[in-house]
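To start, the structure itself, in C-alpha cells.
Since every read-out is calculated from the coordinates, none of them should be taken as a lab result. In this text, all values refer to a predicted model and were calculated from it rather than measured experimentally. Reconstructed Cβ throughout: ideal geometry from the backbone, glycine too, with neighbour counts over all protein chains shown.
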Amino acid sequence: MTPPIQFPSDFLWGCATSAYQIEGSPLADGAGPSIWHRFSHTPGRVQDGDTADVTCDHYRRWESDVDLIQSLGMNSYRFSIAWGRVLPEGVGRINAAGLDFYERLVDRLLARGIQPMVTLFHWDLPAALDDRGGWLNRDIAQWFAEYADIVFRRLDDRVKYWTTLNEPWVVVDGGYMHGVLAPGHRNLFEAPRAAHHLMLAHGAAVQAYRASGRNKIGLVVNIEPKYPASQSEADLAATRRAEAYMNRQYLEPALLGSYPKELMDIYGEAWPHWPDADLKIIRQPIDYVGVNYYTRAVVRADPNAWPLGASTVKQKQHTHMETGWEVFPQGLTDTLLWIKDNYGNPPVYITENGACFFDPPQVEGPLLEDPLRIDYLRKHITAVYNAMQRGADIRGYFAWSLFDNFEWAFGFSKRFGLVHMNYETLQRTLKASAHFYAKVIASRGAAL
Ligand code: NCW
Ligand code: CA
C-alpha cells in the first residue's frame, strides 16, 4: 500500500479567474475600454458575437462570489486587475473608483482567510495604449511599470503574491501572429517585437516592485510539453522549434537572460537582434514561476504549417476536451520536472489547470454532474503530487476556473467552471467537481 497523499499544510489551494472574463460592466465607474472590449464588439471576431459586457456580473456580485470561494474551503484566489479601471487612458490620470474596487475585493478575501494572488495583466490592454502602438511600442515597458507601481503602493501591504503577466505567449501568438485574439494582428515581423516588449514590461515592473514591495512577485507562463511523433531528424527538429517557441521563448529571457537560438530559425529575417542591456532588464530575480498547464502536443515536421514548420498529431487513443486539447496528466509531471531540472528548481505555483467539457446552459436541480472534469482534476492534482515526490518545489495549485466565463474568442461556448453559470439568470450552481475539489482541499489530497 502506498501511503495516502498528503500535501504540505501551507500549500495554496485556490481557483483562478481574470478581469475581462468575469467582471462585466467594462466601462463602469470611469473605466477606460480595453482592446478586448473593442475586439468583442467587432463583428466576426468572437464566436456568436458574444461580448463580456455582462458575462458573470462579478463586478456587482463580488461579495457573494468571495463567500462562494470561502464555502469551497480555498485558502487562495487568483484574479487579475483591469489596467483600464485603474488608468482609463493606460497612463497618467488615476481613476480612484477602479482601485477602490480591487481594494474592497482584497479586503473581503483577507477577511475570509483567502490569500489573493493578483495578476497585473491578463490580456485586457487599455485601448488608449493600443492607439499608441500597444505592445509594439517600446515605451510600454515604462507604461506598465508605472501602472504596476500605483497598484503595488496601494495594495502590497495586503497582497502577498503578485504576477506581472499572464501567458505572454498567448498574447503574442493569438494577438500578433495569427490574429485570433485581440488586437487581431497577423504579422511575423510584429510578433517578436510584441514578445520582447512584454518581457521588458515584466522586467521593468519587477524592478519597480523591488523599490516599494515587500512580498513575492513572479511571471505566469503557459507550458505545453512537446513530444516528438517519431525519432526522425525532421520530427526531432520540429519538436525543438515548437518547444522553443511556446515553452522557452518567455522563460529563458526571464530566468536565464537569453532567447532560445531556435527562434532565429523560426523568425528568419523577422528576428530583431536585441541589445544585451535589454536582456539585463528582463532577467530580474523573481520569487516564483507560475505554470498554466492544460495539455501536451505530439509534434511532427510539417512544411505547410506557418511559421513553425511543425504541427500536432492528434492522439486518438486519449480523451480530448471541447477545445480539442488532449487530456494528458503525465505531461504536468513532466513539465514540473523539466522546470526543476532546467531552471534551478524555482518555487512554482500551478496558476491554472482545468478542463473544458460540455455542460448544459441550464441546470435542473441543485447540482450538475461533471464526471469528466472530476477525472481531469483528480489525475492532474495527483500528477502535481508525483512531481513533488520527485523533488519539484511546488507551492500551490489553482483550478481554472471558479465559474464558466467569457472564453475569449470562443465566447460563452466553452465552459471551464467548477461552478456553472446561467448567462440568462446569472445564477451560480455548483458542479460536482466543485464539491470534489473542496474535499481534496479539506483532506490535503487524501480524497484524491
Ligand atoms: S489559452 C486559453 N486559456 C483559457 C483562458 O480562459 C485563460 O484566461 C487563459 O489563461 C484557459 O487558460 C488560458 N484559452 C485559449 C483561447 C484561445 C481561443 C482561440 C480561438 C480561435 C478560434
Ligand atoms: Ca451566445
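What value, in deg cm²/dmol to 500, does the helix sum -39500 (n - 2.57) over DSSP H runs of n ≥ 4 give at 222 nm once divided by the residues of the chain?
Numbers: 16 runs with 164 residues, N = 448.
Helix-only estimate at 222 nm: -11000 deg cm²/dmol.
Using the Cα centre as the reference, give the magnitude of the dipole from point charges on the C-beta atoms of region 179-283 (Lys, Arg: +1; Asp, Glu: -1; all else neutral), rounded to the nearest 20 debye. Working shown, then result.
Details: 12 positive and 11 negative charges, 118 e Å.
Its charge dipole is roughly 560 debye.
Where does each of 327-340, 158-171, 3-16 land if you order them by average Cβ count within 10 Å, highest first? Present the calculation step by step, with values, prior to reporting the outcome.
Working: 327-340: 20.9, 158-171: 22.6, 3-16: 17.0.
Result, highest mean Cβ count within 10 Å first: 158-171, 327-340, 3-16.
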Counting other Cβ atoms within 10 Å of each Cβ, which GluC sites (Glu not before Pro) in region 126-233 have at most 14 and sit in a DSSP loop? none
Between residue 212 and residue 29, take the C-beta separation as r, use R0 = 22 Å, and let me know the FRET efficiency to the nearest 0.05. 0.30
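Assigning unit charges at the beta carbon (Lys, Arg +1; Asp, Glu -1) and nothing else, what dipole magnitude in debye, to the nearest 20, does region 244-312 show about its Cα centre? Could the numbers behind the result be given before it?
Values: 6 positive and 8 negative charges, 44 e Å.
Dipole size: approximately 220 debye.
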How large is ³J(HN,Hα), in whole Hz, for each residue of region 26-35 in order, when computed from phi with the Karplus curve 6.51 cos²θ - 1.76 cosθ + 1.60 and θ = phi - 60°, using x for Gly and Pro? x, 10, 5, 6, x, 5, x, x, 9, 5
Quick one: among 108, 138, 390, which has the greatest mean-square fluctuation in a GNM of the chain with alpha-carbon springs under 10 angstrom? 390
Would you compute the Debye intensity of region 51-131 from its alpha-carbon atoms alone, equal scatterers and no solvent, and pass along log10 I(q)/I(0) at q = 0.11, 0.15, 0.24 Å⁻¹ to two decimals? -0.33, -0.59, -1.23
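Within region 417-448, report the trypsin sites (Lys or Arg not before Pro) that DSSP leaves as loop and that have at most 16 other Cβ atoms within 10 Å.
Details: sites: 428, 431, 439, 444; in loops: 444.
Hits after loop and neighbour filter: 444.
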Considering the convex hull of the alpha carbon atoms of region 296-424, report its projected area averaged over all viewing directions, in nm², one decimal. 10.1
Cα centroid separation - region 62-136 against region 423-446, whole Å: 23
Working out 0.36 nm times the residue gap between residue 269 and residue 103, then minus their Cα-Cα distance, what length gain in nm do you get to one decimal? 55.1 nm
Specify the residue with the greatest mean-square fluctuation among 416, 403, 189, computed from a Gaussian network of the chain linking alpha-carbon atoms under 10 Å apart. 189
Compute the separation of the alpha-carbon centres of region 374-416 and region 282-359 and state it in Å as a whole number. 12
Can you give me the long-range amide H partners of residue 119? Hydrogens built in the peptide plane at 1.01 Å from N, cutoff under 5 Å, separation of 5 or more residues or another chain. 79, 80, 81, 163
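Between Rg and the Kirkwood Rh of region 249-290, both from Cα atoms, what is the Rg to Rh ratio? Intermediate results must be reported in sequence, preceding the final value.
Values: Rg = 11.3 Å, Rh = 11.1 Å.
My calculation of the ratio gives 1.02.
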Within a Gaussian network of the chain (alpha carbon springs, distance under 10 Å), most fluctuating of 411, 24, 113: 113
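Mean 1/r over all different Cα pairs, inverted: what Kirkwood radius does the chain give, in Å?
On the way: mean 1/r = 0.0453 Å⁻¹.
Every distinct Cα pair counted, the radius reaches 22.1 Å.
Multiply the residue gap between residue 9 and residue 188 by 0.36 nm, knock off their C-alpha separation, and tell me the result in nm, one decimal place. The partial results should precede the final answer.
On the way: separation 179, 0.36 × 179 = 64.44 nm, distance 4.68 nm.
Gain in length upon complete extension: 59.8 nm.
So for region 1-135, considering every pair of alpha-carbon atoms, how many percent are separated by more than 24 Å? All intermediate terms of the calculation are to be shown ahead of the outcome.
On the way: 3319 of 9045 pairs.
Considering region 1-135, 37 percent of its Cα-Cα pairs are separated by more than 24 Å.
Given the pairs 226/340; 316/340; 160/431; 314/414; 226/414, which are separated by over 27 angstrom at their Cα positions?
Working: 226/340 17 Å; 316/340 30 Å; 160/431 30 Å; 314/414 20 Å; 226/414 25 Å.
The pairs that break the limit, which is 27 Å between Cα atoms, are 316/340; 160/431.
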